[in-house]
1. Looking only at the range 2-56, how many residues end up being modelled with pLDDT of 95 or more, under 22 Å from the mean Cα position of the chain (by Cα) and surrounded by fewer than 15 Cβ atoms within 10 Å (Cβ to Cβ)?
2. For residue 180, all conditions in the list (1) of a type outside the set (A, V, I, L, M, F, W, C); (2) in contact with a strand residue (DSSP E or B) (Cβ under 7 Å, 6 or more places away or on another chain); (3) assigned to a loop (DSSP other than H, G, I, E, B); (4) modelled with pLDDT of 95 or more hold save one; what is the number of the exception?
3. What are the pairs with Cβ atoms under 7 angstrom where one residue, in the range 15-26, is closer than 16 Å to residue 73 by Cβ and the other, located anywhere, is assigned to a loop (DSSP other than H, G, I, E, B) and acidic (Asp, Glu)? Sequence gap at least six, or different chains.
4. Within the group 262, 280, 236, 308, which residue is more than 27 Å from residue 199 (Cα to Cα) and of a type in the set (A, V, I, L, M, F, W, C)?
5. When both residues are 6+ apart or on different chains and their Cβ atoms are under 6 Å apart, which pairs have a first residue that lies in the range 54-71 and is outside the structural domain of residue 24 (by TED's automatic domain parsing), and a second that is surrounded by 13 or more Cβ atoms within 10 Å (Cβ to Cβ) and at pLDDT below 95?
6. Look through 163, 124, 174 and report the one residue that is hydrophobic (A, V, I, L, M, F, W, C), in contact with a helix residue (DSSP H, G or I) (Cβ under 8 Å, 6 or more places away or on another chain), assigned to a helix (DSSP H, G or I) and surrounded by fewer than 24 Cβ atoms within 10 Å (Cβ to Cβ).
7. Could you tell me which of the residues 259, 211, 280, 204 is farther than 30 Å from residue 132 by Cβ and free of Cβ contacts under 8 Å to residues at least 60 places away in the same chain?
8. Within the range 105-121, identify whether any single residue is modelled with pLDDT of 95 or more and of a type in the set (Gly, Ala, Ser), and answer yes or no.
Amino acid sequence: MKLIKKTKIEDLQANYDLIVGWGTPVLEYQNRYNPTHYKLDYLINGKGQNVGEFFCGNQVSHMSILEQFQDKKVCIIIYQNKEPEIQKQIQSVLPSADTIVSRLVEVPNIDNYYSRSQEDQIMLDLIHKLKLENPSYSDIGVCHPVVRNNTYLFYENGNYNGLLVEPNPEMVELIKEYRPNNTVLTCGATAGEDCTLTYYYSHLPGHNTFLEDVARNRGLLDNKLSIPVRNINTILKAHFKSGLDILDIDTEGMDYELLEALDTKGLNIKIICVEYYSSLIKDCLEKKGFMHYFTTRENHIYVRKEELDKILP
């Protein structure tokens, strides 16, 4: 069974014989876990890497160690966003195990955020300051719908007025599981006319791209699908008849051309969060009436100037 809602660590500890962590990447496990949060009985690397080494107080084991626990109630906490691949690994050694992604494990006195660097909390604070009730939002290039996701916090708070646009079919299936009340489109976004493009994919879902040059640099030219893409303005205007409050965009190299084509005035967009930074993007958004508001480790947040003026001291 997959747990798809926030669950207290005390409840997991009370209901399972073993709590197992899976995955040792820097972005999730090593940056978010420490042994004072909760105890892991085992820490698994599904590729057999770093076995025997200690990270954050836990020793890495090969996944085969779990085969001995077929008669135990085991909950596996997944610390990576490549969940479909890990679920297959788990099924091969312990199909009876329940799973939960690490971001849904509630730990006492730990801040609740799903973005990499609290972008969701920053935008939620802006929502409150701007007094936006039931704000509308769109996530263009979702990847995992919970892990390192900039809009899941809105969804968890009961705000379902969101449109999620994601070309990766595996990630779309996860979106449908975790966020059934959002609208999801299985396609990419383009600045031009609707068409079909070649989509290059990796075992790391955040590295997928429509750009051949990027795919070549990442060694992905042999991994490809044909995926429909739709004009970004057509997509957004069809869904948000009364305007769009928040746009989160992460399209692995296509951000600038999408933002340049974006009808920000017609859509009345108030907040934009974009991963890729360049002077071109900054100049583009300033010409469209936006001001740079905040930069995190990975993202840049812009606010429409007339909205920002309302809350400045």
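The values are calculated or read from the model by the stated rules, or taken from the named source; none is laboratory data. Just so you know, these numbers come straight off a predicted model, no measurement behind them. Note that we place each Cβ from the backbone using ideal geometry, even for glycine, and neighbour counts take in every protein chain shown.
1. Qualifying residue count for the region: 4.
2. (2)
3. 18/41; 19/41; 20/41
4. That would be 308, the only listed residue that is more than 27 Å from residue 199 (Cα to Cα) and of a type in the set (A, V, I, L, M, F, W, C).
5. none
6. Every option except 124 fails the conditions.
7. Within the list 259, 211, 280, 204, the selection yields 211.
8. The answer is yes, given that some residue of the range 105-121 is modelled with pLDDT of 95 or more and of a type in the set (Gly, Ala, Ser).
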